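Inspection log for the structure reproduced underneath, given as structure tokens.
The values are calculated or read from the model by the stated rules, or taken from the named source; none is laboratory data. Every value quoted in this text rests on a predicted model; they were computed, and no experiment measured them. Don't worry about glycine lacking a Cβ; one is built from the backbone with ideal geometry, like all the others, and counts go over all protein chains shown.
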Amino acid sequence: MYTTRVHVASVALALILAAAPQDARPSFAEFLAGIRAEALARGIRAEIVDEALGHIDEPLPVVIERDRTQAETVLSLDDYVGRRLTSAFVKTATDQFARNQALATEVAARYGVPPGIIVSIWGLESNFGRFSGVRPTVAALATLAWDPRRSALFRAELLDALEIVNRGDVDLAGMRGSWAGAMGQPQFMPSSYLKYAEDYDGDGRRDIWTSSGDVFASMANFLKGSGWTPGLPWGREVVVSHDAVRTIANEVAHRNGSCQARRDMTVALPMAEWQRIGVRAMDGGPLPDGDAMAALVSGTSRDFLVTSNYDVLLEYNCAHSYAITVGLLADKLASGSTAGETPVKKSTPTHRPKKRAHRRR
């Protein structure tokens, strides 16, 4: 069975590479020689470079295959949330939150990020630390850096990965993660690791693979560094009337942004303006008073007003399904609820503002 899989993957790689443009692309060996020279010029020790690159003979077929076959999001926002926030998953999240509450609360106090948000991201990224990926990070990044599709991006990430090993935070055997190079329990890319990873337990290493303190603090530091505002909610689910749907479609612009999710949400308006348009709290009552600005995120049958802290969640993973799920799960953890997702009432409006024509990490 293993031999068959290897053969199929090798054939797939050959077909992919045959169809790809070969203009000015070096051989894999020539590419690795260039990486070696650049790494040495950057100050990475020769023994680290030799150990990291010396055992990589060819691109990893499975990595290129996964990169080429990334599917567009098939599930709607509503369906994704419903399938992700099952009773079983919420129960696991609640148990993990209780087990790690002292640490999460301590980290939250230092970084200003709610403990429920920290644990929710942890759960979505690595199933509460149970699975953070098995791919060798350097080999995966070398494959993607050599491949022409996004070579500049992954070349920089590859050099950052070598820098991490050079600093002694993790050895090569322990540097494993996803096929795209995301590492450890927080699923940090090497550039995010260098910028945000924390040595919270004080052992001299920033260990996002096995140290719970370093994992939680690193995620919180990412959010803080990305602009998280302490005390500001991420957002709330709201009711949008049919009349409000029409008004929003005609009067409220969509945002610009570097990822599709940002372009699939409205500009931020004052809460009072959303109240005037006809948006209401889930119980049918008025929206909260205050000067907070909020943007509208709409699924097929659910709507959310989100604040600037929601934008920070999109910095972690620029997909509404991800950010909304993190927010809703964090709310459940904060309230102590172990209930899974509840069905949407049929009377909820299902027609949403028409998205404008447009062109996620």
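One line per residue, one yes/no per condition, for (1) under 22 Å from L313 (Cα atoms); (2) modelled with pLDDT of 95 or more:
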{"site": "T247", "(1), (2)": "no, yes"}
{"site": "N250", "(1), (2)": "no, yes"}
{"site": "A253", "(1), (2)": "yes, yes"}
{"site": "G257", "(1), (2)": "yes, no"}
{"site": "G278", "(1), (2)": "no, yes"}
{"site": "D283", "(1), (2)": "no, yes"}
{"site": "D289", "(1), (2)": "no, no"}
{"site": "M293", "(1), (2)": "yes, yes"}
{"site": "V297", "(1), (2)": "yes, yes"}
Exercise for the section: Show the residue pairs that are 6+ apart or on different chains and have beta-carbon atoms under 6 Å apart, the first residue being within the range 206-233 and at pLDDT 95 or above, the second being among the acidic types (D, E) and not in a loop (DSSP other than H, G, I, E, B). Expected result: R206/D214; D207/D214; I208/D214; S226/E315
Practice task
Have a look at G112, G43 and point out the one that is at positive phi, at pLDDT 95 or above and under 30 Å from the mean Cα position of the chain (by Cα).
Solution key: G112
Exercise for the section: Would you be able to say whether some residue in the range 89-108 is farther than 19 Å from S226 by Cα, among the β-branched types (V, I, T) and crowded, with 21+ Cβ neighbours inside 10 Å? Expected result: yes
Handout entry: the range 34-45, residues that are within 20 Å of T137 (Cβ to Cβ) and in a helix (DSSP H, G or I)
Key = G34, I35, R36, E38, A39, L40, R42
Practice task
Could you tell me whether I35 is modelled with pLDDT of 95 or more, in the same structural domain as N166 (by TED's automatic domain parsing) and buried (at least 20 other Cβ atoms within 10 Å of the Cβ)?
Solution key: yes
Practice task
Tell me the helices (runs of 4 or more DSSP H) entirely within the range 58-128 that contain at least 1 residues that are closer than 21 Å to A217 by Cα, of a type outside the set (G, A, S) and not assigned by TED's automatic domain parsing to the domain that holds L313.
Solution key: 87-99, 101-111, 115-126
Completion exercise
Going through the range 160-176 in order, the residues found to be aliphatic (A, V, I, L, M) and surrounded by fewer than 20 Cβ atoms within 10 Å (Cβ to Cβ) are L172, A173
Practice task
Write out, first by first residue and then by second, each pair whose Cβ atoms fall under 6 Å of each other, whose residues are 6+ apart or on separate chains, and whose first residue, in the range 56-70, is closer than 13 Å to W146 by Cα and charged (D, E, K, R) while the second is modelled with pLDDT of 85 or more and in a helix (DSSP H, G or I).
Solution key: E58/F28
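Results for (1) over 23 Å from E315 (Cα atoms); (2) crowded, with 21+ Cβ neighbours inside 10 Å; (3) in contact with a strand residue (DSSP E or B) (Cβ under 8 Å, 6 or more places away or on another chain), shown as yes or no for each residue.
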| residue | (1), (2), (3) |
| --- | --- |
| G116 | no, yes, no |
| E125 | no, yes, no |
| F128 | no, no, no |
| S132 | no, yes, yes |
| A142 | yes, yes, no |
| A145 | no, yes, no |
| A152 | no, no, no |
Practice task
Filter the range 296-318 for residues that are surrounded by fewer than 19 Cβ atoms within 10 Å (Cβ to Cβ), among the small types (G, A, S) and not in a helix (DSSP H, G or I) and give the result.
Solution key: S301
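Here is a yes/no grid of residues against (1) among the basic types (K, R); (2) surrounded by fewer than 22 Cβ atoms within 10 Å (Cβ to Cβ):
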{"residue": "P190", "(1), (2)": "no, no"}
{"residue": "Y193", "(1), (2)": "no, no"}
{"residue": "P233", "(1), (2)": "no, yes"}
{"residue": "D243", "(1), (2)": "no, yes"}
{"residue": "V252", "(1), (2)": "no, yes"}
{"residue": "R263", "(1), (2)": "yes, yes"}
{"residue": "M271", "(1), (2)": "no, yes"}
{"residue": "D289", "(1), (2)": "no, yes"}
{"residue": "A294", "(1), (2)": "no, no"}
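I want to confirm something. Restricting to the range 199-241 and keeping residues that are assigned to a loop (DSSP other than H, G, I, E, B) and under 18 Å from the mean Cα position of the chain (by Cα), which single residue is farthest from A182 (Cα to Cα)?
Residue satisfying both the conditions and the ranking: W234.
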